[in-house]
1. Quick check on my filter: what residues within the stretch 218-249 are aliphatic (A, V, I, L, M) and either crowded, with 18+ Cβ neighbours inside 10 Å or assigned to a helix (DSSP H, G or I) (or both)?
2. Looking at (1) over 23 Å from the mean Cα position of the chain (by Cα); (2) in contact (Cβ under 8 Å) with a residue 24 or more places away in the chain, find the lone condition where Q326 falls short.
3. Confirm whether E275 is acidic (D, E), crowded, with 17+ Cβ neighbours inside 10 Å and assigned to a helix (DSSP H, G or I).
4. Quick check on the stretch 282-332: of everything there that is closer than 15 Å to R128 by Cα and of a type in the set (D, E), which residue is modelled with the lowest pLDDT?
5. Looking only at the stretch 305-313, decide whether some residue is part of a helix (DSSP H, G or I), within 25 Å of the chain's Cα centre (by Cα) and of a type outside the set (K, R).
6. Kindly indicate which of R81, R76, R99, R86 is among the basic types (K, R) and touching a helix residue (DSSP H, G or I) at 6+ places or on another chain (Cβ under 7 Å).
7. Give the residue, chosen from A347, A337, that is modelled with pLDDT under 95 and closer than 14 Å to I208 by Cβ.
Amino acid sequence: MRNKFFTILGTTVLLFTTAACGNPATSASSPGASSNITSPQVVADDGDPVAPHIATLSGSPLAEYMSLMWNLGASREDQIRANDARTLLIQETAAACMREQGFDYYLDMSSGIQFQDGDPDLWHPEDREWVAQWGFGQVIAPTLNPWMQFMTMGEDSPNAQFWVDQEDPTPEQWAWQTAFHGGPDYEANPGCWALAQRAGWAAEPSTIVQEAEEFRPLFDAMQIMNDRIHNEMGDYEREWVQCMADAGYPGFEQQWEPAESIRQEMSREFGNMFEPFVVNSGVDIPTAASELHEREIELALADFDCRAAVDYEAREQQRRWAAEAQFVADHRPALEALRNTVEQLTASG
């Protein structure tokens, strides 16, 4: 079975927390390990206690300066093509590195960051009728979430024979693992996978500007802004908490927590918190999943109705955009320099 480490990508995107300004080049994930993969267009909420703040692109004060950096607004097809090209470069670099150290490595285009094979026309969690049928889309759904990306490396990889997560690994497998993932001293020996990831992302404008000392104060200030928004609860959030309690669901303090609670139940019951049972897929749906789905729908409807009652999305967006507008006013020269640099890098790339 293929191991999948998930992140969310959507037409609504994270704007613009530097917690999501990293990329997979900064860390290597070993097969079977849990991992939060963050990339320019993802919202990572797979158990992370920091709730993502999302906003649509239209009207965001920061989008004018940041959208090109993150390739925001690109179609799903364009993102897939760019990701495939990056994956090929990463795989070729990893293979060359392993050969230099005397090990085999087979190109594996099925490993890396991929989109789930979902149908956007069947995925409408913004519609109450859809929520009344599918809840959060976590347990039983008409399709996989088409905006979800996953980092995958699993047992069906052509390189699985080399991994040490088998019952009785050989010395050769340990040696391969060390060459691929690095030794105890990661700084001295980061391993071929980390080096390949760095190579794959090195030419990305987002990577170049984030590593530039010139823009470090700007990104630090952006993180402070996002931390402040996250740590200071808004009135609409308090109203949502009270509404959920009145609806029979006390204890939730942040809006992402209800869906997360269902994911956690999916993990405990079925060992997978990010792939629902898809109807008409030929997979039998266990009775326990149907029962959990009923509870999911009730919880999702309560969340949907409470968000509507307090005008949650609009007020959250207003709050974020006000903070962004002040941030732009305070850092306009640096933001303009950032945008100009990204434009130059994009044009030359």
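1. L218, A221, M222, I224, M225, I229, V241, M244, A245
2. (2)
3. no
4. For the stretch 282-332, the residue satisfying everything is E313.
5. Yes: one or more hits.
6. One residue alone meets the criteria, R86.
7. A347
The values are calculated or read from the model by the stated rules, or taken from the named source; none is laboratory data. Since this is a predicted model, take the numbers as computed values, not measurements. For neighbour counting, all protein chains shown are included, and Cβ atoms are generated from backbone atoms with ideal geometry for every residue, glycine included.
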